Every structure is written in C-alpha cells, then in structure tokens.
1. Considering (1) more than 9 Å from the ligand (Cβ to nearest atom); (2) crowded, with 24+ Cβ neighbours inside 10 Å, say which one LEU107 fails and leave the rest.
2. Going residue by residue through the stretch 80-95, is there one that turns out to be within 12 Å of the ligand (Cβ to nearest atom), more than 30 Å from GLU284 (Cα to Cα), of a type outside the set (Phe, Trp, Tyr) and surrounded by fewer than 22 Cβ atoms within 10 Å (Cβ to Cβ)?
3. Cβ contacts < 9 Å: first residue assigned by TED's automatic domain parsing to the domain that holds GLY28, restricted to the stretch 98-111; second residue near the ligand (Cβ under 6 Å from one of its atoms) and part of a helix (DSSP H, G or I), any location; separation 6+ or different chain. Result?
4. I'd like the full set of residues that are outside any loop (DSSP other than H, G, I, E, B), more than 24 Å from ALA81 (Cα to Cα) and more than 10 Å from the ligand (Cβ to nearest atom), limited to the stretch 179-204.
5. So which residues in the stretch 35-72 are of a type in the set (Val, Ile, Thr) and within 12 Å of the ligand (Cβ to nearest atom)?
6. Is there any pair linking a residue in the stretch 223-244 that is in the same structural domain as TYR279 (by TED's automatic domain parsing) to one that is part of a loop (DSSP other than H, G, I, E, B), with Cβ under 8 Å and at least six apart or on different chains, and which?
7. Would you kindly identify the helices (runs of 4 or more DSSP H) lying entirely within the stretch 72-138 that contain at least 2 residues that are farther than 23 Å from GLY258 by Cβ?
8. LYS75 passes all but one of (1) touching a residue at least 60 places away in the same chain (Cβ under 8 Å); (2) among the charged types (D, E, K, R); (3) over 29 Å from ALA250 (Cβ atoms); which number fails?
Amino acid sequence: MKYEAPETIDQAIDIYSKFNGSKKILAGGTDVLVQLRTDIVRPEMVMNIKKINSLHEFCIVDGYWKIGAAVSASKITKNTAFISEWPGIAEGVGLIGSTQIQNRATLVGNLSNASPAADGIPALVAANAKVEIVGQQGSRVKDVYSLIEGPGKLHLSKDEFITHILIPLQRDRSADCYLRFIPRTEMDIAVVGCGVNLSVKNQSISSAKIVLGAVGPKVIFADEAAELVLNSRLDKDVILKLQRMCEEIATPISDKRGSIRFRRQVAGVLAKRALQKAYARALEVS
Ligand SMILES: Cc1cc2nc3c(=O)[nH]c(=O)nc-3n(C[C@H](O)[C@H](O)[C@H](O)COP(=O)(O)OP(=O)(O)OC[C@H]3O[C@@H](n4cnc5c(N)ncnc54)[C@H](O)[C@@H]3O)c2cc1C
C-alpha cells in the first residue's frame, strides 16, 4: 500500500487525481484504520491530509464558520465562540468516541464515513451546512444533505475530496440542539439521533428544522413535524402530535441494539426533547 502525505492542497489534488487505483483519504484515521485492520477496505493508496496546514483552519469567513478537514473534534468542542453559537453541532461532535478518539477524529471524517448513525451529521444538516470540495476540475460547494448518497457513500467523483465544512453564522433569536440515545452511557453508536435548529419570534417558533439520524439509510428531515411547530410555543398538543409524526417518519432497521418499534418510539421522544431544548436555548438568547 502506498502512503502519501502532501503538505499543500494543490499537491494533494495532484496526487489524488493522478492515482488511478483504489484510494482512501486519511484524516484522523479513527474509522479508516479500523476498516483497514478488519479488511473492510483495502486501498492501494492512502493519503494523509493532516499535514496540510490550511486544512487546520477553524475561523469565520464571509458569513460562515469554516472548519478545515483536518480540524480535530477536540478543537471544535473547545472553541467557546463556536459552542455558544452552535451548541447542538458541538454536542454531536462531543459525543464522538472518547477523549483519545476526539483528539484524532475530524468532523469531515465523521461526515465522509457517512454512517447512518454518525453523531456529527444531523445537527450539521439542520444548520444547513455545506462542504467545499476540490478535485481536478477545480472547487465546488455542496450542501451536506445532498452530499450523502447512502451508508458509506458520498456524491463525490473519484478525484474529489472535501477541504472544509461551511456552517452559516447562526441567525438572531435562534439555537440548535443534538441528542442521541445509546444503550450504554459512553462509547456506543447512536440507536437514534436528532438534530434541531430553530428560531423564535415573540416567543413563538418562527422557523424549524428537525433531522433524525440512525433511523434510515441517511438522515431524515421531519418536515411535516417542523411545519406543525411553526407559530407555536410548544404546548402539550403540539408536542404530542410532533412525537407521533417523528415516530411515523422514521424507517429504522431492527438489530440487537433496538427493534423497529423501539427505535420509532425513541425517535419521537428524542425529537420532542431536542426541540424543547433548542426552544429554551433560543428564548435565552432572545
Ligand atoms: C472507539 C471508537 C468510538 C467511536 N465512537 C463514535 C461515536 O460515538 N459517534 C460517531 O459518530 N462516530 C464514532 N466513531 C467513528 C469515528 O471516530 C468518527 O466517524 C470520526 O469522526 C471519523 O473521523 P476521522 O477523522 O478519524 O476519519 P477517518 O477515519 O480518517 O476517515 C473516515 C472516512 O472519511 C473519508 N475521509 C476523511 N476525510 C475526508 C475528506 N477530507 N474528503 C473525503 N473523504 C474523507 C476517509 O477516506 C474514510 O472513508 C468511533 C470510532 C471509534 C474507533
């Protein structure tokens, strides 16, 4: 297996696009190395992107939080300005593995691995985040939701890779939240996850996005439920209906960690709780 470690994006584009065999990008390696050791993937070339300085940037540019593909989860969860604006995205990132894993793992790696249960994805989708992609033909921007094709698959061509995640600055009187359910207290994969991003006006919800994770091949927008909560203050009736809608929209599999019926029920409960938490946060900043 060939190993490459370019120091600039241009070098990386050159190496990656010219290599015609099977290849993998190596960011933190917390998914890739496990997959290599268990023979799930057998690339002929691995390209480490952690040596590219510009992929370590984490700053605000042109109305977006720009997070480089080499930025570790720990760096994200320690950025107080980012956390106060996007607590839900930070919650998702903060749930990935352990302290050791978070010192290596990246949010771009979490997204690119495209696990239906990835903790980083639902809140990113609820925030309408995008990614910057580069390849031989130049660069392009794509929203996170449409980037994901299905489990382990992204809509990227063979020569392309992601350089940055772009998260819009949070709007006024708005907040997000991410919650997940796991059977253990730590170090487990989400049985269900839910990201919510909403805004309030005169104490009522003026816009909302509800995104369910781990209950379908990719994240699911609970659009009808999000519409239902508009102009409400989350009274009992609305909450009950929202819960039922999220149960119905979920299309989970059944496995040793949860049956279809159980996962559907948890989807409703988590959507309710994430919405209530995001609403309380938005009221606090109003
Ligand atoms: C013990 C343990 C616990 C874990 N717990 C969790 C958890 O609780 N929640 C969770 O969601 N995940 C968990 N994970 C999975 C993993 O840690 C995360 O998905 C992590 O964010 C992956 O990031 P990485 O930088 O290590 O990715 P890598 O392993 O480097 O890469 C992951 C995939 O993305 C591709 N890739 C990476 N960067 C790019 C790029 N720039 N452009 C295109 N493709 C790219 C790689 O080729 C690979 O296919 C856990 C893993 C371990 C080992």
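The values are calculated or read from the model by the stated rules, or taken from the named source; none is laboratory data. Fair warning: this is a prediction, and the values are worked out from it, not measured in the lab. Because the Cβ atoms are built from the backbone with ideal geometry, glycine has one as well, and the counts that use them run over all protein chains shown.
1. Unmet for LEU107, out of (1) more than 9 Å from the ligand (Cβ to nearest atom); (2) crowded, with 24+ Cβ neighbours inside 10 Å: (1).
2. Of the stretch 80-95, the ones within 12 Å of the ligand (Cβ to nearest atom) are 91-95.
Then keep just the ones that are more than 30 Å from GLU284 (Cα to Cα); that gives none.
Within the stretch 80-95, none of the residues are within 12 Å of the ligand (Cβ to nearest atom), more than 30 Å from GLU284 (Cα to Cα), of a type outside the set (Phe, Trp, Tyr) and surrounded by fewer than 22 Cβ atoms within 10 Å (Cβ to Cβ).
3. Note: pairs meeting the criteria are THR106/SER112; GLY109/VAL32.
4. Result: PHE181, VAL192, SER204.
5. Applying the first criterion (of a type in the set (Val, Ile, Thr)) to the stretch 35-72 yields 38, 40-41, 46, 49, 52, 60-61, 67, 71.
Matches in the stretch 35-72: THR38, ILE40, VAL41, VAL46, ILE49, ILE52, ILE67, VAL71.
6. As it stands, the answer is ARG233/GLN203; VAL238/VAL229; VAL238/SER232; LEU242/VAL229, since those pairs meet every condition given.
7. Numbers: elements: 73-77, 80-85, 87-94, 99-104, 107-113, 121-126.
In the stretch 72-138, the matching helices (runs of 4 or more DSSP H) lie at 73-77, 80-85, 87-94, 99-104, 107-113.
8. (1)
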